[in-house]
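In what follows, a single structure is set out as structure tokens and then discussed.
The values are calculated or read from the model by the stated rules, or taken from the named source; none is laboratory data. These figures come from a predicted structure and were not determined experimentally. No Cβ is skipped: glycine too gets one built from the backbone with ideal geometry, and neighbour counts run over all protein chains shown. Each accessible area value is taken on the protein alone, full model and side chains, heavy atoms only, with ligands, DNA and RNA left out. Shrake-Rupley method; radii C 1.70, N 1.55, O 1.52, S 1.80 Å.
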Amino acid sequence: MREAMEPRYDIKEVEEKIYRLWEGSGFFDPDKLPEAKKRKPFTIIMPPNNANGLLHMGHAVGLTLQDILIRFWRMRGKKTLWLPGADHAGFETQVVYDKKLDREGRNRYEMSREQLWKEIWDFTEESKAKMYAQTKKLGASCDWSRETFTLDPKIIETVYETFEKLYEDGLVYRDLKVVSWCPKHRTALSDLEVKHVEREDPLYYVKYGPLTLATVRPETKFGDTALAVNPKDSRYKKYIGREIEAKGILGNLKFRVVGDEAVDPKFGTGVIKVTPAHDQTDFEIWTRHKEEIAGPKIIIDETGRLTGEVGEFKGLKVAEAREKVAEKMKEIGILEKVEPNYKHQVATCYKCGSTLEPLPRPQWFVKMKPLAEPAIKAVKTGKVKIHPKRSEKVYLHWLKNIRDWNISRQIVWGIRIPAWFCLGCGEAKINTEIRSRWFLVRHGETDFNKEKRTMSHGPISINDLGRSQAKLAALSLKNRNIDLIISSDLKRCVDTAKIISDELGGVEVIYEKGLRERDFGVLEGKTYEEGHREFGEDVVKSYDGEIPGAETMREVEKRAWEAFISHRSKHSHRNVVVVSHGGVIRMLRKKIKNLGVEDAFKVPGAKNAEIVPLEIGEKCKKCSGDLYEQDPDVFDTWFSSGQWPFATLMKNQKDFKAFYPTEVMETGYDILFFWVARMIMLGLYRTGKTPFKDVYLHGLVRDKDRQKMSKSKGNVVDPLGVADTYGTDAVRMALVIGNTAGNDIVISEDKIRGYRNFATKIWNVARFVLLSKKSEFAKIKVVYSPADKKDLVGLKKVKVQVTKHIEKYEFHLAGEKIYHYFWHTFADKIVETSKPRLNGENLKDAAAAFLKLETILKTSLKMLHPFMPYITEEIYSRFEPDKMLMVEKWD
RNA sequence: GGACGGUUAGCUCAGUGGUAGAGCGUCUCGCUUACACCGAGAAGGCCGCUGGUCCGAUCCCAGCACCGUCCACCA
């Protein structure tokens, strides 16, 4: 006799025990499944969740549906691989971390790249650990031995290869374009990350000489370089090609009028101003009229403030400037009228809602049309099927109208773009090998620096601030494997070099006279101001300007460069820090970058302890230099996650052969373009195969009032919290039932409680069946009554239907079917009618009744297992202590 | 400006060319040795509106309304 089941199902104890049991069995790993070799593969790559926070209900939906598929097919005899992973989620994590920095009164613009990287790395590691624990709690039967992070070296390597291949195929290029720029986060965004919102703003009618035009952005007027009209517009034809004079805020202006199709004659007055630097359309108009009109004139900076030739408005934020410029226009009589409530669409940052500022920036773009074509075909021919089907139309429409994809992001957190620019000529090299790294570092602050006084060869030390600057510099050089420090032999550099050496664990330092600061002759010890007064700033700060007793900059350049070159040839394979002075670094930069005299003096000088990185690679084919700097930008996260299905499997060629292409991609419909479309495109591009056969898109999770869940609304149902209360199985059922592809899911605690009740029901039925077992039954040859047979046929029918539903991704129907059958047919009817027989005199009949109940129960447990894995596994073990339901045969 | 989705019981949602379904909620009865996290039963719906196809429509078609979503360089 077996032990009776406890009257209550203990959620916590059982769930922990069972997950350990599964994990310990090794069966999450497809290669360790019973008869693994005979099985055919079935693969799902888990969408890598963002390693920057906890899982919410949306994640729980995805994990549940995937786990249902995996458990179902595992029981159906497939070699199931479910590969878990996490995404570094570049921009999103950066935003999360920026918020944290903000709370701490810090910001990333004041941090070194290395420091910021390290902090975010630790943060993601922590988040990842929590997230994986949550994933386990939800019962996910994924193969943890294959867990992958998007920043694993193997993944980065694959992503780099793809980038290189795209570059070689001419599908990736670097170009200056007006991009969507978030002034808060100071990075460009892709078209998909731009959220258009409707807003009402004043529409200003501004007089430009004889013409009047309408604009919502009078503040960009300082960047205007032309006016444009539609070439077919008879009102303005006569102006095309003419130059008109106009009154402007900063004086009179001259603008040429060009004719361009992009101008809609019906809008406003039919005349527009052309601001190539701050409007995409205008930039394009300029590219079509390059001969006639001037190009981008930048008057807005990367923080969204006015800059350049903007008179008194310099430094104002765009919104403030707008009002003030309009006022001024009114004052000087060029503001004709204002329509106060003009409705229009404004581009905003999808993350922070800031109004985006179009800015010209050189960025890496992927040419999308050639990639989109095969991806369109794949869906049209049914190689990839999207559920729900209607999403295919949306997908196709997007791909047909796709534009080139900006994959450069101006943040630190991400996969650094493997592009190096030759410092000599600017030529780009992709994925080139870097032999060693050199870093030019200016010494830390001295009191002379502080007092703005000239110091050439005097023995002055660095001050307290200088010391901490040096330490900070050393910190960011820490993981760079520095082998050698070459320093100017002047005291302030010696101090700096020593600190760096100490911080780096005693790296060798050699001193070099050639790296000394310029000898300033009679200016020694004088303030900059005095020097400028005496000799003129243009002489002091010039290449050949002579000062009594002083070296010219030309002479400094010569001796410093000679010193630098000679060390370069001696130590070209070592990673070296060169500690020197402001003037010297300026001159070294001039030589390295082949700058003209004028440019060399225009570049801002190195600040105290600032690091100028130089990377030594192969000889540039164009200018034969070998010093490079790496593009500081990182990839759009979706560029790397778009390669996820093959990148994860390519870590191991055997896995790639066995498991690629995968079966299903299960994810939310909100990332159809962001992710799914790009996976199909990049998968086809790299492997020639679609990365998966089916795409199942689930909806967004809402609360019972159809509100999107958000922390600020306080309506978030924490999946793990409720799982503690009602059990993971109940949460899973609640997430599946009533949930159809592509539609949003409504979840409430009531619903979850309902399925907890169901779990209790299952438990009690099982308890009853077990209690009804008598040892005598074993010896009896059972003969079923016609009613029994009918019940068993009914069971079979249910099973056929449940099977079909899961195969067709109709999880909700499968779940409902088995739920209804178990409760209202099995428990309410079959069990009830069996009671008298079980306790009756006729032992043979009792045995038949019992065997039927046991059969139906065990089969039901199998059918329920993909949905409610914990409780079913636990109950099954009471009937079959030597078996594991997870790997039992479905049939 | 395009495209898509929704509109079914008080609430949240399934569903089907032939007298409408589930969960929760409500009401009545029931502590029957698996289960009150339960059982038996009940009430409750012109299946958004207007036309059309059909023997027959909640389901197919057309139009409309409201709600929602996505896409779109109109200054």
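Applying 0.36 nm per residue to the separation of residue A:694 and residue A:343 and subtracting their alpha-carbon distance, the gain on full extension is 122.2 nm. Just check region A:1-50 against the gyration tensor rule for me: Cα atoms, a ≥ b ≥ c as the square roots of the eigenvalues, rounded for a/c under 1.5, and otherwise prolate or oblate depending on whether a/b exceeds b/c. Cα axes put region A:1-50 in the oblate bin. Each peptide in A:318-325, A:860-867, A:583-590 receives the mean, over its residues, of other Cβ atoms within 10 Å, and ordering these scores from highest gives A:860-867, A:583-590, A:318-325.
When N counts the residues of region A:323-424, how does its alpha-carbon radius of gyration compare numerically with 2.2 N^0.38 Å, as a ratio?
Details: Rg = 22.0 Å, N = 102, 2.2 N^0.38 = 12.8 Å.
That works out to 1.73 for region A:323-424.
Indicate, rounded to the nearest 5 percent, the antiparallel portion of the DSSP beta bridges found entirely in chain A. Restricted to chain A, the bridges split so that about 65 percent are antiparallel.
What shape does region A:718-794 take by its C-alpha gyration tensor, where a ≥ b ≥ c are the square roots of the eigenvalues and a/c under 1.5 counts as rounded, a/b above b/c as prolate, and the rest as oblate?
oblate
Total lysine pairs in region A:150-225 at Cα distances under 30 Å, for residues eight or more apart or on different chains: 9. For region A:246-305, what value does the Rg/Rh ratio take when both radii are computed over Cα atoms and Rh is the Kirkwood radius, given to two decimals? In region A:246-305, Rg relative to Rh is 0.98.
With a 1.4 Å probe and every protein chain left in place, work out the accessible area per residue of region A:167-262 in Å², rounded to a whole number. On a per-residue basis, region A:167-262 sits at 44 Å².
Once the Cα-Cα distance is subtracted from the 0.36 nm per residue extended length, the residue A:174 to residue A:542 segment shows a gain of 129.0 nm.
In the full protein context, region A:551-594 carries 40 Å² of accessible surface per residue, based on a 1.4 Å probe and ignoring ligands, DNA and RNA.
Out of every Cα-Cα pair that region A:833-891 contains, those further apart than 16 angstrom amount to 48 percent. Packing, taken as the mean count of other beta carbons within 10 Å per residue, orders the peptides A:869-878, A:42-51 from highest to lowest as A:42-51, A:869-878. Averaging over every viewing direction, what projected area does the convex hull of the Cα atoms of region A:570-677 cover, in nm²? Mean orientational projected area (region A:570-677, Cα hull): 12.7 nm². Couplings for region A:800-811, taken from phi via the Karplus curve 6.51 cos²θ - 1.76 cosθ + 1.60 with θ = phi - 60°, read 4, 5, 4, 4, 4, 4, 5, 4, 8, 6, 9, 4 Hz in order; Gly and Pro are left as x.
Judged by the mean number of other Cβ atoms found within 10 Å, the most tightly packed of the peptides A:787-796, A:550-559 leads the ranking A:550-559, A:787-796.
Across all directions, the shadow cast by the convex hull of region A:527-630 built on its C-alpha atoms averages 7.7 square nanometres. Using the alpha carbon gyration tensor of chain A, what are the three equivalent-ellipsoid semi-axes (square root of 5 times each eigenvalue), largest first, in whole Å? So the three semi-axes of chain A are 66, 36, 23 Å.
For region A:451-498, would you read off the P(r) tail past 14 Å as a percentage of all alpha carbon pairs? Beyond 14 Å sits 58 percent of the P(r) for region A:451-498. From the Kirkwood radius over Cα pairs of region A:415-470, Stokes-Einstein at 37 °C and 0.692 mPa s returns a whole-number translational diffusion coefficient of 223 µm²/s.
For region A:173-313, carbon and sulfur atoms together expose 46% of the accessible surface, with a 1.4 angstrom probe and every protein chain in place.
Expressed as a whole percent, the accessible area of region A:784-891 that falls on carbon and sulfur atoms is 55 (1.4 Å probe). Applying D = kT/(6 pi eta Rh) to region A:754-891, where Rh is the Kirkwood radius over alpha-carbon pairs, T corresponds to 10 °C and eta to 1.306 mPa s, the Stokes-Einstein value obtained is 103 µm²/s. Within region A:14-109, the proportion of C-alpha pairs whose separation exceeds 18 Å stands at 61%.
Straight-line reach from residue A:621: taking Cα to Cα under 12 Å and skipping same-chain neighbours fewer than 8 places apart, the aspartates and glutamates in range are A:427. A simple spin-label model places pseudo-atoms 7 Å from Cα toward Cβ; at residue A:252 and residue A:489 they are separated by 6.5 nm.
Solvent-accessible area per residue in region A:54-162 equals 35 Å², computed with a 1.4 angstrom probe and all protein chains kept. The alpha-carbon atoms of region A:440-535 define a convex hull whose volume equals 91 cubic angstrom per residue. Gyration tensor over the Cα atoms of region A:179-254: the corresponding equivalent ellipsoid has semi-axes (square roots of 5 times the eigenvalues, largest first) of 30, 16, 13 Å. Set against the 2.2 N^0.38 Å expectation for a compact globular protein, region A:98-232 has a Cα radius of gyration ratio of 1.69.
Stretch residue A:785-residue A:237 to full length: gain in nm at 0.36 nm per residue minus the Cα-Cα span?
187.7 nm
The 1.4 Å probe gives accessible areas that order A:371, A:21, largest first, as A:21, A:371.
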